[in-house]
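Only one structure is covered here, and it is reproduced in the block below.
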Amino acid sequence: MKVLILLLTVYTVNALHPFSEEDEYQFKLWMSQFNKVYDIDEYYQRLYIFFENKRKIDHHNEGTHNKFTMGLNQFSDLTFDEFKRSFLLTEPQNCSATKGSHVSRNGPYPDAVDWRKMGNYVTDVKNQGPCGSCWTFSTTGCLESVTAIATKKLLQLSEQQLVDCAQDFNNHGCSGGLPSQAFEYIKYNNGLMTEDDYPYTAHDGKCKFKADLAAAFVKDVVNITKYDEMEMLDAVATRNPVSFAYEVTSDFMHYHDGVYSSTDCRNTTETVNHAVLAVGYGEEKGTPYWIVKNSWGTSWGMKGYFFIERGKNMCGLAACSSYPLPMV
Ligand SMILES: *[C@@H]1O[C@H](CO)[C@@H](O)[C@H](O)[C@H]1NC(C)=O
Ligand SMILES: *[C@@H]1O[C@H](CO)[C@@H](O)[C@H](O)[C@H]1NC(C)=O
Ligand SMILES: *[C@@H]1O[C@H](CO)[C@@H](O)[C@H](O)[C@H]1NC(C)=O
């Protein structure tokens, strides 16, 4: 009887706190690395989610056919639902470019292109924070590069102006939008201000655009034909980086390095939920990939970048891509 009670006690205590001191040490190390602070209730809730995520990450990394690895990052204490609510576009977007206006040159194309290495054309990776404003970072990233290629001057452009002011073009601030619609806004608004003049807050705010401070301009918007990934390649190879959207699923949250490839995500215009910037492409061990600039800071992925499999409309990445023509 005594033994049974003892066993039951040990079992109950373990079920309440199934974590060893070493586990907690590891969690606290991660907390300090990413400046996380919790009250006591939240601490145990986050500890639990952290180890759920860590189990998924370890399980994935033990697999032998992976094209990419997973790792801990600033999102490791979040469930995918929480992540989705704070960082992704939650509503389906209107990408309607059934036939785009990009004119392909039909190659031949270089085997690899990386706009980061071709000149001072790509700004540093930025961080959108907890606001569904990925589309504004994809937009500024693309216009920054397109303008720099045309003028040899690399400016940092304002995401917050797009968050606060681009509503008339079906954009919704921290609740989502699309680069093609943001380029349209910049075109008809006659300009976008710089990051310094209109700094990022990660919150919806009142439009404070000042026409005399406009620093970059769009002459026209070029949509790439829906699902035509070769057209995307042509644009990146012969012109400039290209904005695109795709569907993020829970495995992507933990991406660390390698070529991301998934059977979980869907591939149509209705399901894309994140916008980013293709700055080049290449091939690794027979797998072609895009080089992509994300907006989740430099501690995520490969210094803020990721590779995603190219050539099969992976996660709908060819569903709604576009770029602006600069006015200089
Ligand atoms: C490009 O696509 C957007 C939708 O994402 C649409 O509003 C716009 O009219 C299109 N522009 C052109 C030039 O086809
Ligand atoms: C899609 O377009 C329709 C019609 O212009 C608009 O009412 C709706 O809000 C748009 N959806 C999004 C997510 O922007
Ligand atoms: C989406 O994926 C399915 C299954 O792999 C494929 O049959 C379909 O052609 C794809 N659709 C698009 C638009 O890429």
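The charge dipole of the range 267-328, taken about the Cα centre with unit charges on the Cβ atoms of Lys, Arg (+1) and Asp, Glu (-1), comes to about 120 debye, rounded to the nearest 20. Legend: helices of the chain (whole DSSP H runs) are marked when their alpha-carbon atoms reach 20 angstrom or more along the helix axis and their mean Kyte-Doolittle hydropathy is at least 1.0; marked are 2-16. Assuming a ≥ b ≥ c are the square roots of the Cα gyration tensor eigenvalues, decide whether the chain counts as rounded (a/c under 1.5), prolate (otherwise, with a/b larger than b/c) or oblate. Prolate, because a/c is 1.5 or more and a/b exceeds b/c.
A full extension of the chain between LYS99 and THR287 corresponds to an added length of 64.9 nm, given 0.36 nm per residue minus the alpha carbon distance. When each of LEU47, LEU317 is scored by the number of other beta-carbon atoms lying within 10 Å, the sequence from fewest to most is LEU47, LEU317.
Assuming 0.36 nm per residue, please report the length gained on full extension of the stretch THR69 to THR238 beyond their Cα-Cα distance.
Values: separation 169, 0.36 × 169 = 60.84 nm, distance 3.10 nm.
Length gained, THR69 through THR238: 57.7 nm.
Taking Cβ separations below 4.7 Å as the criterion for a possible disulfide partner, the isolated cysteines in the chain are CYS134, CYS142. Using the Cβ-Cβ distance between SER250 and LYS208 with R0 = 41 Å, the FRET efficiency computed as 1/(1 + (r/R0)^6) comes to roughly 0.65. If each DSSP helix of 4+ residues adds -39,500 (n - 2.57) and the sum is divided by the residues in the chain, what number results at 222 nm, nearest 500 deg cm²/dmol? So the calculated ellipticity at 222 nm is -10500 deg cm²/dmol.
With 26 Å as the limit on Cα-Cα distance, the pairs of LYS56/LYS303; LYS99/LYS152; LYS226/LYS303 that go past it are LYS99/LYS152; LYS226/LYS303.
Measuring r between the beta carbons of VAL328 and ASP196 and using R0 = 30 Å, the FRET efficiency lands at 0.90.
Relative contact order of the chain, please, whole-number percent, based on alpha carbon pairs below 8 angstrom and at least 6 residues apart. Don't skip to the end; give the middle numbers.
Values: 680 pairs, mean separation 71.9, N = 328.
Across the chain, relative contact order equals 22 percent.
The trypsin sites (Lys or Arg not before Pro) of the range 294-328 that DSSP puts in a loop, and whose beta carbon has at most 15 other beta carbons within 10 Å, are LYS303, LYS312. Count Lys and Arg as plus one, Asp and Glu as minus one, and take only other residues whose Cβ is under 14 Å from that of ILE57; the net charge is then -3. This ranking places SER158, SER250 by how few other beta-carbon atoms lie within 10 Å of each, fewest first, which gives SER250, SER158.
Annotation: aspartates and glutamates with alpha-carbon distance below 19 angstrom to LYS126 (same-chain offsets under eight excluded): ASP114, GLU144, GLU159, ASP164, GLU195, ASP196, ASP197, ASP204, ASP257.
Please work out the FRET efficiency for the pair ARG116 and SER86, using the Cβ-Cβ distance as r and a Förster radius of 41 Å; give the result to the nearest 0.05. Display every interim value, and only then the final one.
Values: r = 28 Å, r/R0 = 0.69.
Efficiency at R0 = 41 Å is approximately 0.90.
Counted by Cβ distance under 15 Å from LEU178, the other residues give a net charge of -4, where Lys and Arg count +1 and Asp and Glu count -1.
Length available on full extension from GLU42 to THR151: 0.36 nm per residue minus the Cα-Cα distance, which gives 34.2 nm.
Taken together, the values in this text are just the output of simple stated rules run on the coordinates, not laboratory data. This structure is a prediction, so every number in the text was calculated from the model and none was measured. With ideal geometry, Cβ positions are generated from the backbone for all residues, glycine too; neighbour counts draw on all protein chains shown.
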